[in-house]
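Structure record follows, encoded as structure tokens.
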Amino acid sequence: MASSVAVTRVPQEERTRAMRARLLEATVELLVEKGYAGTSTTLVSERAGVSRGAQLHHFPTKQDLVVAAVRHVTEVRGAELAAAAEGLPTDPGRRTRAVLQVLGDHFTSPVFTAALELWVAARTDPALLAEVAPLEQKVGRETHRLTVELLDVDEKEPGVRALVQTTLDLVRGLGLANTISDDTRRRKNILDHWAATIDTYVGRA
């Protein structure tokens, strides 16, 4: 009897996980397409192909759904950045520029746009801010650590920590600019110049 219960429980758990994943992915897509204000639980359930009742069972309110989406976006951003970092060249002459490309792509990706929508909404929503702020701090620390590792620099050296933080502020700002219009050409020129600046500063030029 116990074994048959276990057998039937696993598929149900898998279906539940799959349904929640569809709902969260649909939420992120709608945040990118329609913004926070234009994202509703009804639209999310329609996009996910999930019944309204099932969606309300898992996420009774928009706040519940968005909070879960915040966590989902945080995980996706970290996973995408780590995956992109695995394909970097080992040649020092090419690596710095390749690292900046990975960061630039990350901060112009759909998940960054979704995160940006949540930042803006959280500015005037204390409950959402309480969820977004600590997760963004975690993402910031992990991204900083990964950037130091990928650039192969020593933060104990004078000015290097500021150099890394400036790099992250730069690519984040370029990502913001890209939300208004396609900024690809200007971004490439800026990152070319900044890669040379980094290499000169750390003695790799």
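We did not get these values from a lab; they are worked out from the coordinates using the rules stated. Given the structure is predicted, the values throughout are model-derived calculations rather than measurements. Because the Cβ atoms are built from the backbone with ideal geometry, glycine has one as well, and the counts that use them run over all protein chains shown.
Values computed for the structure shown
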item	result
Under 30 Å from the Cα of residue 62 - lysines, other chains or at least 8 residues apart	34, 138
Efficiency of FRET from Cβ geometry, residue 197 and residue 46, R₀ 41 Å, rounded to 0.05	0.30
Size of charge dipole - the chain - debye, nearest 20, with Cβ of Lys, Arg +1 and Asp, Glu -1, no other charges	280
Cleavage-rule hits, GluC sites (Glu not before Pro), segment 45-93, DSSP coil, Cβ neighbours within 10 Å at most 12	86
Spread of Cα-to-Cα distances over 5 Å intervals beginning at zero, given as percent, for the chain	1, 7, 14, 15, 16, 13, 11, 9, 6, 4, 2, 1, 1, 0
Label-point separation, residue 75 to residue 54 (7 Å along Cα→Cβ), nm	1.9
Mean ellipticity per residue at 222 nm, deg cm²/dmol - from DSSP H runs of n ≥ 4 across the chain, formula -39500 (n - 2.57)	-27000 deg cm²/dmol
